[in-house]
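Taking it in order: structure first as structure tokens, then the write-up.
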Amino acid sequence: MIAPKHIPVMLNQSINAMKIVPNGTYVDATFGFGGHSRKILDALDSDGRLYAIDKDTYAINMIREDIISDKRFTLKHGCFSELENFSKEWGIHGSINGILFDLGVSSHHLDEAGRGFSFNKNGPIDMRFDQSSGISACEWLETVDEQTLSHVIWKYGDERYSRRIARAIVYQREQEKISDTGQLAKIIDKAMPRNEKHKHNATRTFQAIRIFMNKELEVLKDVLSNSYNILAPKGRLVLLTYHSLEDRVIKNFLAVTDENISTPRNLPIKNEFLKKMFNIIAKSIKPDKDEIDLNPRSRSAKLNILEKANEDYV
Ligand SMILES: C[S@@+](CC[C@H](N)C(=O)[O-])C[C@H]1O[C@@H](n2cnc3c(N)ncnc32)[C@H](O)[C@@H]1O
């Protein structure tokens with residue numbers, strides 16, 4: 001089988017952001033089809049190491065020979081929220097020089113009808129990154145109550161017509177089984193009182209269900225909160241985000257890590273004694289026009305670069 005085409009987003013900027021030391025240890029937390037991993041390996045010498053993770057067994061199985069046979073490379077199927085455990089298993093806990101997160105869906109997820117992420121391609125409503133565990137979005141939609149559904153659509157899709165859409169889905173599933181993405185998109189479309197500008201009416205609802213089903217924000221929160229211990233001093237977190245909910249998770253994380261979270265909050269400790277855990281190197285860098293013209297899917301990307309503050313910055 002041939003791996004699907006996925007154009008890595010902000011490739012040079014994100015790899016430069018990792019500030020790669022040739023004999024360093026790096027993690028690609030969202031391997032996908034290896035575009036970023038390959039570039040990291042190019043920057044490493046024979047002592048350098050790259051560990052990669054992906055939740056999607058399809059991506060894992062599609063790995064190309066040139067990467068899998070590279071002795072400096074290790075790939076694991078799993079969720080990046082488990083990175084603290086994986087790093088202990090790999091013997092690199094506390095000594096990782098950089099972790100890359102290229103969040104969200106790959107082109108394969110959107111292009112392949114069978115994955116059920118796209119309202120443009122008719123297929124089963126699945127929407128799981130990891131099809132080997134949990135239930136599909138279709139199964140969830142069969143039983144979820146109207147109020148929960150409306151809350152999910154509002155919270156993760158920022159959809160103001162969430163109540164109408166939830167009502168329409170619950171009504172329609174009593175008439176017939178809702179099993180494919182085309183059917184679901186039509187129900188959402190009909191429930192909308194007016195058309196969305198510049199996007200399909202189902203965009204926000206599909207995004208909401210996907211984020212909810214994959215617990216995308218929760219796992220991001222978890223991995224960020226463990227990242228300080230996992231990284232080496234001055235280790236970097238490089239994050240490519242694609243929507244404002246991910247940006248908000250990072251913003252909230254930074255608000256907490258600006259103080260030492262292990263210090264009881266109510267104690268009258270002066271700021272100079274609190275430890276700053278991460279320095280912001282850069283925030284919300286966008287792809288340039290040439291990249292967006294070449295790869296329209298990059299248009300919503302934002303690159304964020306954080307660096308673990310010096311241990312002695314106390
Ligand atoms: C945008 S793609 C990455 C593309 C990759 N950088 C490349 O150049 O080929 C995101 C990948 O992250 C994976 N993913 C999403 N959430 C994950 C998680 N919590 N843990 C591990 N992998 C995840 C998805 O399955 C998908 O393959």
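Here are the numbers:
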{"item": "Stretch gain in nm, segment K215-K276, where the contour uses 0.36 nm per residue and the Cα spacing is subtracted", "result": "19.1 nm"}
{"item": "Rounded tilt (10° steps) of 244-257 against the dominant C-alpha axis of the chain", "result": "30"}
{"item": "Packing-based ranking, highest mean first, of 31-40, 120-129 given that Cβ atoms within 10 Å are counted", "result": "31-40, 120-129"}
{"item": "Using alpha-carbon coordinates, inclination of helix 146-157 to the longest axis of the chain, degrees", "result": "50"}
{"item": "Long pairs among K76/K289; K55/K177; K221/K308; K19/K308; K121/K289, criterion Cα-Cα beyond 24 Å", "result": "K76/K289; K55/K177; K121/K289"}
{"item": "Shape category assigned to the range 106-262 from the gyration tensor of Cα positions, a/c cut at 1.5", "result": "prolate"}
{"item": "Anchor K71: lysines whose Cα lies under 18 Å away (excluding residues fewer than 8 positions away in-chain)", "result": "K39"}
{"item": "Once the Cα gyration tensor of the range 131-213 is diagonalised, semi-axes √(5λ) in Å", "result": "19, 14, 12"}
{"item": "Calculated [θ] (222 nm, deg cm²/dmol) that DSSP helices of n ≥ 4 give over the chain, each run adding -39,500 (n - 2.57)", "result": "-11500 deg cm²/dmol"}
{"item": "Percent of C-alpha pairs per 10 Å bin, the chain, short to long", "result": "6, 25, 31, 23, 12, 3, 0"}
{"item": "Placed amide H near F278: partners under 5 Å, 5+ positions off or other chain", "result": "A309"}
{"item": "Interchain or long-range residues, amide H under 5 Å from A232's placed H", "result": "S95, I96, N97"}
{"item": "Rounded Å value of the spacing that divides the Cα centres of the range 45-88 and the range 196-223", "result": "25"}
{"item": "Cα gyration tensor category, rounded, prolate or oblate, for the range 191-238 with a/c compared to 1.5", "result": "prolate"}
{"item": "In nm, spacing of pseudo-spin labels at K289 and K88 (7 Å Cα→C-beta vector)", "result": "5.2"}
{"item": "Cβ-Cβ FRET estimate between Q147 and E174, R0 fixed at 22 Å, reported to 0.05", "result": "0.85"}
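Every number in this text was worked out from the coordinates using simple rules, so none of it is lab data. Only a predicted model underlies this, so the values are computations on that prediction, with no experimental measurement involved. A quick note on method: Cβ atoms are made from the backbone with ideal geometry, for glycine too, and the neighbour counts reach across all protein chains shown.
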